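These notes are about the structure you will find just below.
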Amino acid sequence: MARIVILTGAGISAESGLRTFRAADGLWENHRIEDVATPEGFARDPELVLRFYNERRGRHQVLVVTQNVDALHERTGTRALIHMHGTLGGALCATCGHRWPAPAVMRVTAPCPACAARAARPDIVWFSEMPYRMEEIWTALRAADLFVSIGTSGNVYPAAGFVADARHTGVETLELNLEPSMGTRLFDAARHGPATQVVPAWVAEMLA
Ligand code: BV8
């Protein structure tokens, strides 16, 4: 068993579009380090220093609304995340509505931990059922500057209708998908190709 300690610096985030401290011009995001990263700099101009950190903190507020029921977004560290179609990791009692972490193997004979009814089902939104947290999603869509649809065919509603909802409130829309989706005509812009290519390219543009 090899015990490994890894030290990372700004370079590990550089290809995610975050600039390193020692960029070519020696400035840090166009500021001299002594002006924005020293106690003296803060004493001299606290407004400038807070503005510097506010700008870096508030670069982009991203909410991911996924139709997927797997936990891949969680595993990559996505924090603001809504599983509108539920999750494979969840169990739901069809009798009392209790939710608990789904065991690897769910059995119809397993009693609900809360009411003991043998009514355990996957906590998944099936066709004809209302997807979860729709009000939150619609509110976020209406308040967005940009709606980006990634890796979906635009076949299943109400998710497939989000682009129309966004357009209706004047939100800019972008489709990143392997091929044109059902609703591709509704998007202001579309880039087609594998997600591993079109998404990082778009993220780098956003971060630049
Ligand atoms: C509801 C959980 C009432 C299950 C799923 C109009 C309005 C409202 C409802 C309807 C409507 N018209 C019809 C309906 C009813 C129905 C519906 O939409 N039917 C369709 C088939 C016509 N909708 C419902 O029943 C929904 N509930 O309507 O409630 C209501 C009314 C009003 C307002 C609110 C509610 C419930 C739908 C949820 C069903 N459950 N999932 C499970 O996962 O086990 S849906 C299921 O489809 C999955 O969640 C999946 O995510 C989702 C959508 O599929 P996609 O993710 O897009 O996957 P797909 O394979 O289709 O496409 C993949 C895309 O990736 C492709 O475009 C491909 O090109 C691209 N791609 C492939 N490789 C790559 C790539 N892109 C980039 N890189 C690559 N390498």
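Laboratory data are not the source of any read-out in this text; all were calculated from the coordinates shown. As the structure is a prediction and not an experimental result, all values here were calculated from the model. Cβ atoms come from the backbone with ideal geometry, glycine included; neighbour counts cover every protein chain shown.
Things worth noting here:
- For segment 95-198, applying the loop criterion from DSSP together with a ceiling of 12 other beta carbons within 10 Å to the GluC sites (Glu not before Pro) yields GLU129.
- Each part gets one Cα centre, and for segment 148-208 versus segment 75-100 those centres are 24 Å apart.
- In order along segment 49-55, the phi-based Karplus estimate (6.51 cos²θ - 1.76 cosθ + 1.60, θ = phi - 60°) of 3J(HN,Hα) comes to 5, 5, 4, 4, 7, 4, 5 Hz; Gly and Pro are listed as x.
- Most mobile of ILE82, ILE12, ILE150 in a GNM of the chain (Cα contacts under 10 Å): ILE12
- Computed over neighbours whose Cβ is under 15 Å from that of THR95, the net charge equals +2, Lys and Arg +1, Asp and Glu -1.
- Sequence-ordered 3J(HN,Hα) estimates for segment 84-93 from the Karplus curve with 6.51, -1.76 and 1.60 and θ = phi - 60° stand at 5, 10, x, 9, 4, x, x, 10, 9, 8 Hz, glycine and proline given as x.
- Taking chymotrypsin sites (Phe, Trp or Tyr not before Pro) in DSSP loop conformation with at most 10 other Cβ atoms inside 10 Å as exposed sites, the chain has its longest uninterrupted site-free stretch at 1-125.
- CD proxy at 222 nm, helix term only [per DSSP H run n ≥ 4: -39500 (n - 2.57); per residue of the chain; nearest 500]: -7500 deg cm²/dmol
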